[in-house]
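Working notes for the structure below.
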Amino acid sequence: MTRYFTDKLAKYIVFISGFTAVVILLLIALFILREGLPAFSEIGVFDFIFGNVWRPGIDQYGILSMIVGSIAVTIVSMIMAVPLGIACAILLAEVAPSKVRNILRPAVELLVGIPSVVYGLVGLVLLVPIVSNIGGSGFSILTASIVLMVMVLPTIISISEDSIRAIPASYREGALALGATKWQTIKGVILPAAKSGIGAGVVLGMGRAIGETMAMIMVIGNSIAFPNSLLDAARTLTGNIALEINYATGTHESALFATGVVLFVFILLLNSVATVFLKRGSNAQRLG
């Protein structure tokens, strides 16, 4: 009887916790939508999203350059982070001896606890001068992408490693018994079997990348001009909100909340598209 009651209680606690998380998410979405609606109605949704001029002093609010900046930083950082993160996960899960693994894994976990402002400070002191030698001022999309790559690596590595470790040992033993080498087993058996978990790590890393604020403010240059190359300064959606919310009033403040709505929808779309591709890949793998 006690065990039955405990199971029921645990079930209700889990259900209430999950339901509460969904309710909180909906309340946040409704709040920023309510605050951003005046800007959408006054400026126009099309002009707001596709406008290329952000000048609150003359009531011009267009966030296209910031959308491009956010997308560029996210894509470039993920292009660098995904191969490196998966390779490091393979090293920790399949290749490295226990002594090396016991050193590397705490180092990776330590990266998660470092505040983003520290990453930004390191990028400001070390990376900006190096990138400036290539071209521009050094405050650029490229600099921000490198900093962001380091920040999302722990997420990708940790989840990918757990997914690889979760693959049953029989998969490895079967491949080796058929004459496959260790690397052939990793490439042809382990990685395809762990693909959904690795994809989840990539999606979470992508969400972290597009939502990062403080480090980006410090190294990206915060220019509202439209970026034409990776060496140009830019401004992200999150950086725009953080930089101007303290003194914004009226339509300006509502436009910043509208920027939050666009960012919210943008993250949902990215996660949804990534989830669809992961499901299609898993289904194709099963059919194959």
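Taking neighbour Cβ counts within 10 Å as the exposure measure, how do Trp54, Trp183 sort from fewest upward?
Ordered from fewest to most neighbouring Cβ atoms within 10 Å, Trp54, Trp183 come out as Trp183, Trp54.
Mean separation of Cα pairs under 8 Å and 6 or more residues apart, divided by the residue count, gives the stretch 49-287 a relative contact order of 27 percent. The calculated FRET efficiency for Phe266 paired with Arg105, based on their beta-carbon distance and R0 = 35 Å, is about 0.60. Placing +1 on the Cβ of every Lys and Arg and -1 on the Cβ of every Asp and Glu, with no other charges, gives the chain a dipole of roughly 1300 debye about its Cα centre. The label point for Val117 and the one for Ala166, both projected 7 Å from the Cα toward the Cβ, are 3.6 nm apart. Taking other C-beta atoms within 10 angstrom as a stand-in for reagent exposure, Lys187, Lys99 fall in the order Lys99, Lys187, fewest first. Farthest towards the positive end of the charge dipole of the chain, among the residues Ile63, Ala10, Gly211, is the Cα of Ala10, using unit charges on the Cβ of Lys, Arg, Asp and Glu. Compared with the direct C-alpha span, the chain from Lys11 to Lys182 gains 57.3 nm at full extension, assuming 0.36 nm per residue.
Partner aspartates and glutamates whose Cα lies under 18 Å from the Cα of Lys187, excluding those fewer than 8 positions away in the same chain, are identified as Glu94, Glu161, Asp162, Glu173. Using the charge dipole of the chain (Lys, Arg: +1 at Cβ; Asp, Glu: -1 at Cβ; taken about the Cα centre), state which of Tyr247, Val95, Val122 has its Cα farthest towards the positive end. The Cα lying farthest towards the positive end belongs to Val95.
Assuming 0.36 nm per residue, please report the length gained on full extension of the stretch Asn133 to Thr249 beyond their Cα-Cα distance. Display every interim value, and only then the final one.
On the way: separation 116, 0.36 × 116 = 41.76 nm, distance 4.01 nm.
Roughly 37.8 nm would be gained on extension.
Here the stretch 81-117 and the stretch 135-204 have alpha carbon centers that stand 11 Å from each other.
Just so you know, all these numbers are worked out from the coordinates, no wet-lab data involved. Since we're looking at a predicted model, the values are computed, not measured. Neighbour counts are summed over all protein chains in view; Cβ atoms, including those assigned to glycine, are modelled from backbone coordinates with ideal geometry.
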